[in-house]
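The values are calculated or read from the model by the stated rules, or taken from the named source; none is laboratory data. Model, not experiment: these values are computed from the prediction. Here the Cβ positions follow ideal geometry from the backbone for every residue, glycine too, while neighbour counts run over all protein chains shown. Just so you know, the surface numbers come from the protein's heavy atoms only, side chains and all, with ligands and any DNA or RNA stripped out. Shrake-Rupley method; radii C 1.70, N 1.55, O 1.52, S 1.80 Å.
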Amino acid sequence: MSPAADSAAASKRQAELLKQEGNAFFKKERISAAIDAYTGAIALCPKVAVYWTNRALCYKRRNEWVKVEEDCRTAIQLDSHSVKAHYMLGLALLNKDELAEGIKELEKSLELGRGAHPASYMVEEIWQELSKAKYIEWENLSSERVRQMHNLKEACKEALRNYNRLDNAAAYDPEEQLNELEEAFQKAAKSDIPTEVPDHLCCKITLDIFRDPVITPSGVTYERAVILDHLHRVGKFDPVTREALEPHQLVPNLAIKEAVHAFLSEHGWAYRMR
């Protein structure tokens, strides 16, 4: 092995040791010491994405969101499939009130997380943060729609009054016209009024709206992480039909997933967590 190769290998070993030290410091809540350790690892091997995401996690703990964003963007350049980098970048962007871009990064991290470890705590954490952001987005859009609808309704009422002041008699009773107008606007605003999520869009175990639905051979649909947890902790059987069930038999229910997506697109209030 050449001297250059020996030096590179030594740097990698030292960087890994510093990462392990950083992990130990982080677990003990010694955040400054952890940052120093990860910074040392980065200095030795700057092209390893995990060193950047680990340091970003420390900055996240201290609410230093500008540094979180910087480290996560570097990590994504090194590894575009880094779940943690996209997740923390999303949080950093939300902290800057860049809602649309933050949601985009959270959605990317959720997609990557589901593909790698669908039952992990990370996927659940990402979904909760994404749900909060999507609910805020819906609130903002709903408030704007309410304002616009109110202005439009008032303009329509004024137009009706002006029409009825004309010399020609109105074809309909003015009061009836106003009632029909009010009814039309109430129907238009219906999608923004929280109701109940349809049962077929909810998991039979959690009763929450589906996030990543899978269907069993017996035709029952569950939330993926929930049914995987059941199979691991309780037993290898379908909790509804009691038939034998293995993880590899679960198949994504794309029809329900699309239905959930369509429902949430029209009824953003359903993102609110129970």
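Check the range 87-105 and report whether any residue there is at pLDDT below 90 and more than 30 Å from Glu266 (Cβ to Cβ).
Scanning the range 87-105 turns up no residue that is at pLDDT below 90 and more than 30 Å from Glu266 (Cβ to Cβ).
Conditions (1) closer than 30 Å to Tyr51 by Cα; (2) surrounded by 13 or more Cβ atoms within 10 Å (Cβ to Cβ); (3) at pLDDT 95 or above, marked per residue:
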site	(1), (2), (3)
Ile76	yes, yes, yes
Arg114	yes, yes, no
Tyr121	yes, no, no
Ile126	yes, yes, no
Ser131	yes, yes, no
Tyr135	no, yes, no
Ser143	no, no, no
Arg165	no, no, no
Ala170	no, yes, no
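Scanning the range 247-274 for residues that are touching a residue at least 60 places away in the same chain (Cβ under 8 Å) and among the small types (Gly, Ala, Ser), which turns out nearest to His200 (Cα to Cα)?
Only one residue fits best here, namely Ala270.
Going through Ala184, Ala225, Ala244, Ala189 one at a time, which residue ends up being small (Gly, Ala, Ser), touching a residue at least 12 places away in the same chain (Cβ under 8 Å) and either farther than 23 Å from Met122 by Cα or open to solvent by 80 Å² or more (accessible area, probe 1.4 Å) (or both)?
Testing whether each residue is small (Gly, Ala, Ser), touching a residue at least 12 places away in the same chain (Cβ under 8 Å) and either farther than 23 Å from Met122 by Cα or open to solvent by 80 Å² or more (accessible area, probe 1.4 Å) (or both) leaves just Ala189.
Considering only residues that are over 15 Å from Tyr59 (Cα atoms) and buried (at least 17 other Cβ atoms within 10 Å of the Cβ), which ones fall in the range 14-41?
If the condition is that a residue be over 15 Å from Tyr59 (Cα atoms) and buried (at least 17 other Cβ atoms within 10 Å of the Cβ), then Ala15, Leu18, Lys19, Glu21, Gly40, Ala41 are the ones that fit.
Each row is one residue, and each column tells you yes or no for (1) of a type in the set (A, V, I, L, M); (2) farther than 18 Å from Arg114 by Cα; (3) under 25 Å from the mean Cα position of the chain (by Cα).
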| residue | (1), (2), (3) |
| --- | --- |
| Ile215 | yes, no, yes |
| Phe237 | no, yes, no |
| Arg242 | no, yes, no |
| Glu258 | no, no, yes |
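Give the residues of the range 132-166 that are in contact with a Pro (Cβ under 8 Å, 6 or more places away or on another chain) and among the polar types (S, T, N, Q), sorted by residue number.
The one that is in contact with a Pro (Cβ under 8 Å, 6 or more places away or on another chain) and among the polar types (S, T, N, Q): Asn164.
Criterion first (surrounded by 13 or more Cβ atoms within 10 Å (Cβ to Cβ) and under 20 Å from Trp138 (Cα atoms)) does Asp208 satisfy it?
Yes.
Report, by residue number, each residue of the range 46-56 that is of a type in the set (A, V, I, L, M, F, W, C) and either crowded, with 19+ Cβ neighbours inside 10 Å or over 17 Å from Ala85 (Cβ atoms) (or both).
The answer is Val48, Ala49, Trp52, Ala56.
Just one of the numbered conditions (1) at negative phi; (2) outside any helix (DSSP H, G or I); (3) modelled with pLDDT of 90 or more is not true of Glu258; which one?
Tallying (1) at negative phi; (2) outside any helix (DSSP H, G or I); (3) modelled with pLDDT of 90 or more, Glu258 fails exactly one: (2).
Specify which of the listed residues (Glu21, Glu70) is more than 30 Å from the chain's Cα centre (by Cα), acidic (Asp, Glu) and modelled with pLDDT of 95 or more.
Glu21
So which pairs qualify, if the first residue must be in the range 48-66 and assigned to a helix (DSSP H, G or I), the second must be among the aromatic types (Phe, Trp, Tyr), the Cβ gap must be under 7 Å, and the two must be at least 6 apart or on different chains?
Once the first residue is assigned to a helix (DSSP H, G or I) and sits in the range 48-66, its partners that are among the aromatic types (Phe, Trp, Tyr) give Tyr51/Tyr38; Asn54/Tyr38; Arg55/Tyr38; Cys58/Phe26; Cys58/Tyr38.
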